[in-house]
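The values are calculated or read from the model by the stated rules, or taken from the named source; none is laboratory data. Bear in mind that the values here come from a model prediction, so they are computed numbers and not experimental data. A quick note on method: Cβ atoms are made from the backbone with ideal geometry, for glycine too, and the neighbour counts reach across all protein chains shown. For accessibility, only protein heavy atoms count, side chains too; no ligands or nucleic acids. Shrake-Rupley method; radii C 1.70, N 1.55, O 1.52, S 1.80 Å.
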Protein chains: 2
Amino acid sequence: MKNRSIAAPEGPPRPKRADARRKMDSVLKAATKVFRESGVDAPVREIAERAGVGLGTVYRHFPQRSDLIVAVFQSSVDACADAAAALAKEHPPATALSLWLERYVDFIRTKSGLCKALYSGDPAYKALPDYFNQRLRPALTALLDAAVEARTLRSGTDPDDLLVAVANLCSAGHGRDPEHARRMVGLLVDGLRFGAGS
Amino acid sequence: MKNRSIAAPEGPPRPKRADARRKMDSVLKAATKVFRESGVDAPVREIAERAGVGLGTVYRHFPQRSDLIVAVFQSSVDACADAAAALAKEHPPATALSLWLERYVDFIRTKSGLCKALYSGDPAYKALPDYFNQRLRPALTALLDAAVEARTLRSGTDPDDLLVAVANLCSAGHGRDPEHARRMVGLLVDGLRFGAGS
DNA sequence: TTGCATGTGGAACAATGTTCCGTATATTGG
DNA sequence: CCAATATACGGAACATTGTTCCACATGCAA
């Protein structure tokens, strides 16, 4: 039995073929666009077509429709979280925080369509809220800490509170003017700046 | 033009045929059972079969699937609201209130599956929350007033508050023991009784 | 270049909402 | 009670969409 060929849990047995990665990526990008434009209920066929790929290819990479939704959600969360580090490098802390919160607002707004899926009770989406928190909290924490350290923000702000507060501000004015949420969040940040030099 | 034959909005031009009413009723009953047992996503065919009618008959009475869901919801609300008057006739006010709240708890529990539909964002369900409130509030108000008048309940309880409070108590222990909600509501009612003889 | 594991495309299947229409029946005027 | 007819019925047929399957194509290693 020198070479077990079944049920052997190895790491990554093989790197995926190059074209496979490329197609998977284009499917993910297409799905992101289609979900944004047509809602989460858009048919898988539309996504395949948009990605210039056959149906079978989509299902090879995302065996279930819900896997696609999960992947799009996670990649959006990742992009939003990663933006924090990028902004922190290119702007002073307080500015980075403001810009990132705008970015976060956009994320919440475009992803609000996915809420329908999240609240559907389908167990496939069980892990998404956790992913959301565990990915976004550190990103925001870093921004807050930097701004506090630079004495441009009051200390003692709970990142989780801020995340849900902003999310609620967005979903409050349901179909309203996109600028509204932005302004409200601006107010919130100004409030945080108020007691800066502790 | 002594007899306009189109676009003439009359009252009830004809009473529906007797068998039609009967079948519509059996469809509604079947749908209620099927939704309870298999969830709101149960196929229309299953309901038709259960009701012992053809698919066409279901769609004749409920042109869209959502119409069926709405009808089931409303008839459940009606039944719950009507139960208030019945209980009031057969029990002393405070008892009637307790019994009705138990009934209401059952309603909330069995209808929690419909919440998925209600929160789906489908405009077909827009009016349901309003229907819920406008039908149940008067029912509860009557029970509360009677108990207050009989000096077996403190006054000043807002019916809307009570409705949402109980609903929240139910949905809190999501998949929990059916008795739990009942006990919590019992506590609530005891609390209301406490300051009775104002 | 060759062999094959891997990946691809799309036909085919299954489930389900919805429409259509030939048939059956309740209702009504005689 | 009978015939005429508006009404209602049943279910086949259609449309859409998730999912599976497999003959064929292709990247990759020897």
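A few points about this structure:
- Complete set of residues in region A:59-70 that are open to solvent by 40 Å² or more (accessible area, probe 1.4 Å) and in a helix (DSSP H, G or I): A:Tyr59, A:Arg60, A:Arg65, A:Asp67
- Which listed residue, of B:Ala146, B:Ala96, B:Ala86, is away from chain A (no Cβ under 14 Å), surrounded by fewer than 15 Cβ atoms within 10 Å (Cβ to Cβ) and modelled with pLDDT of 95 or more: B:Ala86
- Residue tally, condition assigned to a helix (DSSP H, G or I) and either touching a residue at least 12 places away in the same chain (Cβ under 8 Å) or not assigned by TED's automatic domain parsing to the domain that holds B:Ser112 (or both), over region B:149-171: 11
- For the residues A:Phe35, A:Phe73, the requirement of being farther than 23 Å from A:Glu179 by Cβ, assigned to a helix (DSSP H, G or I) and in contact (Cβ under 8 Å) with a residue 60 or more places away in the chain singles out A:Phe35.
- Residue among A:Ala30, A:Ala48 that is in contact with an Asp or Glu (Cβ under 9 Å, 6 or more places away or on another chain), within 16 Å of DNA strand C (Cβ to nearest atom), under 25 Å from A:Ala117 (Cα atoms) and not assigned by TED's automatic domain parsing to the domain that holds A:Pro123: A:Ala30
- Check on B:Ala94, assigned to a helix (DSSP H, G or I), closer than 30 Å to B:Ala150 by Cβ and touching a residue at least 60 places away in the same chain (Cβ under 8 Å): yes
- For A:Val105, the stated conditions hold: it is touching a Pro at 6+ places or on another chain (Cβ under 9 Å) and either of a type in the set (Lys, Arg) or away from chain B (no Cβ under 14 Å) (or both).
- Meets criteria (at pLDDT 95 or above, in a helix (DSSP H, G or I) and either within 14 Å of chain A (Cβ to nearest Cβ) or within 16 Å of DNA strand D (Cβ to nearest atom) (or both)) for B:Leu140: no
- Neighbours by Cβ (under 8 Å, 6+ apart or cross-chain): first from region B:110-128, more than 9 Å from every other protein chain (Cβ to nearest Cβ) and farther than 16 Å from B:Ala167 by Cα; second at pLDDT 80 or above and open to solvent by 50 Å² or more (accessible area, probe 1.4 Å): B:Ala124/B:Gln64; B:Ala124/B:Asp67
- Among the residues of region A:36-58, those identified as buried (at least 16 other Cβ atoms within 10 Å of the Cβ) and at pLDDT 95 or above are A:Ala42, A:Val44, A:Ile47, A:Ala48, A:Arg50, A:Ala51, A:Val53, A:Thr57, A:Val58.
- Filter pass, B:Asp41 being over 15 Å from the mean Cα position of the chain (by Cα), near DNA strand C (Cβ under 8 Å from one of its atoms) and within 14 Å of chain A (Cβ to nearest Cβ): yes
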